[in-house]
Amino acid sequence: MVQDTMISISPKKGGVNALLSNISLEGDNLGIVRLKEGREKTLKLGHPWIFSKAIESFSGQNGHLARVYSHKGEFLGLGYVNTHSEIRLRMLGFMEIEPKGLLFRLLSKSLEKRKNLIIESNAYRLVNGENDGLSGLIVDVYQDIIVLQIGTYGIDLLKNEIVDALNVLLKPKAIYEKSTSLSRRQEKLLPQSGWLSSNPFDQPVEIFEKDVRFLVDIVQGQKTGFFLDQRDMRFWIRQRVQNKNVLNLCSYSGGFSLHALKGGAARVVSVDSSNEACRQMHVNTELNGLQGHEIIESDVFDYLEKSTELFDIVILDPPAFVKSKKDLPKGTKAYRELNRLALRRVAESGLFMTSSCSYHLDASLFDTILLEASLQENKETYLIQRHLLASDHMKNIAYREGEYLKTMVLICSNRP
């Protein structure tokens, strides 16, 4: 049995003083942002964004650091401006005064906040964007490999300083950038992927969650390589699968599936449309020496239309159907139809775990979608668990937009 892992927060020896002395963020080069009257209220509450109509004036270089002031001249902190973005100003931390060493301080704080989290894995999220005061940056750690996602122009300009700070704090074997999000297009940035370290890592990297091992392809895999945000729900499901038949839809590399098998499931059926995802599931199943895993390469809509089998537990974690506001009507319809079909496969009094990772589809609308899908299938559904994110994906409660992942567990029964 693999022991729980406590994240170490101590910077590795050597290099800290040299790093801080070489940071290129000199105060006399900073721009100045002045907000319109009353527009500082959300910043004081901890929200990191300011839109263009709230800015009275800006002087400085686009994308570079600037000092932010209220209309009355009150200093509010440091941030960066992109004049091409609807979100005109993004804060870096709050009430930060000194630009030298800013990124090192913010990254150290992210590590510090996670020091009391006992994560039963060697893979975790170190920086969760705005929630860690680093708007536009995601940092995931896979054992001793770091993966960056940069979504904004301002953070892109600070990439070298971020890499230097991470090298000092964690001494990783390698750092990989995987900046391919839709937000880069909105920020007038091209997608960017590649190794940022001098020692490219020989893929894949092996991680563990409890006693389950996974090989993660961070270069070709989805997101940064693995769905770290669902870790807590994988553990929750594992505790409830003893002698049960489990259906895992949109199963990717088999996270829920392998935990179900380790938890004593009688049988697990995993369905994914990706040939590569199915290959990874076969590899991970063999890596753990598990039996009873049926892997089906199929479009999940097609599979559900043709299937007649009922399962004690059905898991549905599809990709984002709503990638922008204009996708909302079409995406809502797709979520409703997919959940309706999945509900058909839930046995009487069975469990249905369903998720949406669409940022533009809020929790209230997701609830409505599930209600409509249940009524169409003549099912009574009872909510027993609502989950947002794994603990290392901690959320700033002032930043409501950070609630992208919505997961519900329902007990399902046929209506009389």
Task: Among residues of the range 40-98, those that are of a type in the set (Asp, Glu) and under 24 Å from Gln186 (Cα atoms), counted - done: 2
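Going by the conditions given, is Lys262 out of contact with any strand residue (DSSP E or B) (no Cβ under 7 Å at 6 or more places or on another chain), surrounded by fewer than 20 Cβ atoms within 10 Å (Cβ to Cβ), within 24 Å of Met408 (Cα to Cα) and at pLDDT 95 or above?
In short, no.
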TODO: Mind counting the residues in the range 212-243 that are closer than 20 Å to Gln385 by Cα and among the hydrophobic types (A, V, I, L, M, F, W, C)?
DONE: 7
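Is the range 133-149 home to any residue that is within 18 Å of the chain's Cα centre (by Cα) and assigned to a helix (DSSP H, G or I)? Spell out how you get there, then give the answer.
Just the residues of the range 133-149 that are within 18 Å of the chain's Cα centre (by Cα), to begin with: 133-143, 145-149.
Checking the rest, the ones that are also assigned to a helix (DSSP H, G or I) come to none.
Checked against the condition, which is being within 18 Å of the chain's Cα centre (by Cα) and assigned to a helix (DSSP H, G or I), the range 133-149 yields no hits at all.
Within the group Val216, Val212, which residue is within 13 Å of Ile146 (Cα to Cα) and not assigned by TED's automatic domain parsing to the domain that holds Arg279?
Of the residues listed, the single one that is within 13 Å of Ile146 (Cα to Cα) and not assigned by TED's automatic domain parsing to the domain that holds Arg279 is Val216.
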TODO: Taking only the range 279-297 into account, find how many residues are outside any helix (DSSP H, G or I) and either surrounded by fewer than 20 Cβ atoms within 10 Å (Cβ to Cβ) or of a type in the set (A, V, I, L, M) (or both).
DONE: 9
TODO: Check Gln220, Gln149 and return the single one that is at pLDDT 95 or above and of a type in the set (S, T, N, Q).
DONE: Gln149
- [ ] Spot the failing condition for Lys395; the list is (1) at pLDDT 90 or above; (2) part of a loop (DSSP other than H, G, I, E, B), and only one is missed.
- [x] (1)
Task: Matching residues, the range 390-408, being surrounded by fewer than 21 Cβ atoms within 10 Å (Cβ to Cβ) and more than 14 Å from Leu228 (Cβ to Cβ) - done: Lys395, Asn396, Ile397, Ala398, Tyr399, Arg400, Glu401, Gly402, Glu403, Met408
Task: Hits in the range 354-389 - residues which are surrounded by 19 or more Cβ atoms within 10 Å (Cβ to Cβ) and in a helix (DSSP H, G or I) - done: Phe366, Ile369, Leu370, Ala373, Ser374
Task: Residue in the range 93-101 that is modelled with pLDDT of 95 or more and crowded, with 19+ Cβ neighbours inside 10 Å present - done: no
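Check whether at least one residue in the range 266-278 is assigned by TED's automatic domain parsing to the domain that holds Leu361, crowded, with 16+ Cβ neighbours inside 10 Å and touching a His at 6+ places or on another chain (Cβ under 6 Å), and report yes or no.
Yes, that holds for at least one residue.
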TODO: Restricting attention to the range 43-72, report how many residues are assigned to a loop (DSSP other than H, G, I, E, B), touching a strand residue (DSSP E or B) at 6+ places or on another chain (Cβ under 9 Å) and without any contact (Cβ under 8 Å) to a residue 60 or more places away in the chain.
DONE: 4
TODO: Could you run through the range 298-332 and say how many residues are part of a helix (DSSP H, G or I), under 24 Å from the mean Cα position of the chain (by Cα) and either surrounded by 15 or more Cβ atoms within 10 Å (Cβ to Cβ) or small (Gly, Ala, Ser) (or both)?
DONE: 5
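Does Phe235 qualify as being closer than 17 Å to Ser121 by Cα, modelled with pLDDT of 95 or more and touching a Ser or Thr at 6+ places or on another chain (Cβ under 8 Å)?
Taking the combined requirement at face value, the residue does not satisfy it.
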TODO: Check whether at least one residue in the range 111-129 is among the hydroxyl-bearing types (Ser, Thr, Tyr), under 30 Å from Asn62 (Cα atoms) and buried (at least 21 other Cβ atoms within 10 Å of the Cβ), and report yes or no.
DONE: no
Open item on the list: Just checking, does the range 247-256 include any residue being more than 26 Å from Leu343 (Cβ to Cβ), touching a Lys or Arg at 6+ places or on another chain (Cβ under 7 Å) and small (Gly, Ala, Ser)?
Closed with: no
Open item on the list: Tell me the residue from Phe75, Phe51 that is out of contact with any Phe, Trp or Tyr (no Cβ under 9 Å at 6 or more places or on another chain), aromatic (Phe, Trp, Tyr) and surrounded by fewer than 19 Cβ atoms within 10 Å (Cβ to Cβ), please.
Closed with: Phe51
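The values are calculated or read from the model by the stated rules, or taken from the named source; none is laboratory data. Nothing here was measured: the structure is a model prediction, and the numbers come from that model. We place every Cβ from the backbone using ideal geometry, glycine too, and count neighbours over all the protein chains shown.
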